[in-house]
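A short write-up of the structure that comes next.
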Amino acid sequence: MMTIFYPIGDGLYVNITNKCPCKCVFCIRDIKETVGENDNLWLDHDPSLDEIKEELKNFDLNEYKEVVFCGFGEPMMRLETLIKTAEYIKSIADIKTRVNTNGLGDLINNTDVADCIKDVIDSVSVSLNAPDKDSYIRISRPSFGEKSYDAILKFAKRCKDEGIETVFSVVDEITEEEIEKSRDVAESIGIKLRVRYKNS
């Protein structure tokens, strides 16, 4: 049985794909098969919308503060499924929706993703992970190469402009100096930075 939904704290997380265009040096998938006390997050296949709806029946959305699209892959790899799932969730419950993303959705889908998700996603957390292009490529190892970093900044700004609550994040494995430089980058476009703690 696949783990499509898994709870963490007051959030219900949605694992819709294991595909990702990055091979981050700190990726949790290289260390363990799950997050928290949940079951294995490796999927046999990308679940269909019907499978997602069926699995959701096992959870009471009233017990959660938000639904978060974040699993063992990049949710934007399945943009249409993400949008339809979020639409369905919004149709059956008054609950916030968030996407944790590497910010490369525009390159993945060759479209303006912020415009596509603005009606169904309330907030996004974008993995910045580095204060500059060279560091980002070294740390995140994106398949799109050098254009990736600028694409992340553009995506985040577009989300902010569309009224989506937007936050950048970095992992605490980078140096304090790099964290502060990343904060400067984030604040230069009016977006807050959050530090993610790898072992928490």
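Numbers below:
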| item | result |
| --- | --- |
| Region 80-107 residues that are farther than 13 Å from ASP119 by Cα, paired with ones that are aromatic (Phe, Trp, Tyr) and part of a helix (DSSP H, G or I) (beta carbon under 7 Å, 6 or more apart) | GLY103/PHE155; GLY105/PHE155; ASP106/PHE155 |
| Candidate set from region 27-57 (those that are under 24 Å from VAL126 (Cβ atoms) and in a helix (DSSP H, G or I)); member that is modelled with the lowest pLDDT | ASP30 |
| Matching residues in region 90-123 - criterion: being assigned to a helix (DSSP H, G or I) and hydrophobic (A, V, I, L, M, F, W, C) | ILE92, LEU107, ILE108, VAL113, ALA114, CYS116, ILE117 |
| Residue selected from region 141-169 under the condition touching a Lys or Arg at 6+ places or on another chain (Cβ under 7 Å) and of a type in the set (A, V, I, L, M), by the criterion nearest to ASP112 (Cα to Cα) | ILE164 |
| Scope region 1-26; condition exposed (fewer than 15 other Cβ atoms within 10 Å of the Cβ) and modelled with pLDDT under 90; matching residues | MET1, VAL25 |
| Criterion violated by ARG138 - all others in (1) under 17 Å from the mean Cα position of the chain (by Cα); (2) surrounded by fewer than 17 Cβ atoms within 10 Å (Cβ to Cβ) satisfied | (1) |
| Count of region 61-85 residues which are modelled with pLDDT of 95 or more and either among the small types (Gly, Ala, Ser) or assigned to a loop (DSSP other than H, G, I, E, B) (or both) | 3 |
| Subset of region 78-108 (residues that are farther than 23 Å from CYS22 by Cβ and within 14 Å of the chain's Cα centre (by Cα)) | none |
| Qualifying positions in region 124-180 - small (Gly, Ala, Ser) and either over 22 Å from GLY71 (Cα atoms) or in a helix (DSSP H, G or I) (or both) | SER135, SER140, GLY145, SER148, ALA151, ALA156, GLY163 |
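The values are calculated or read from the model by the stated rules, or taken from the named source; none is laboratory data. Remember, it's a predicted structure, so these values are computed and weren't measured experimentally. Cβ: placed from backbone, ideal geometry, glycine included. Neighbour counts: every protein chain shown.
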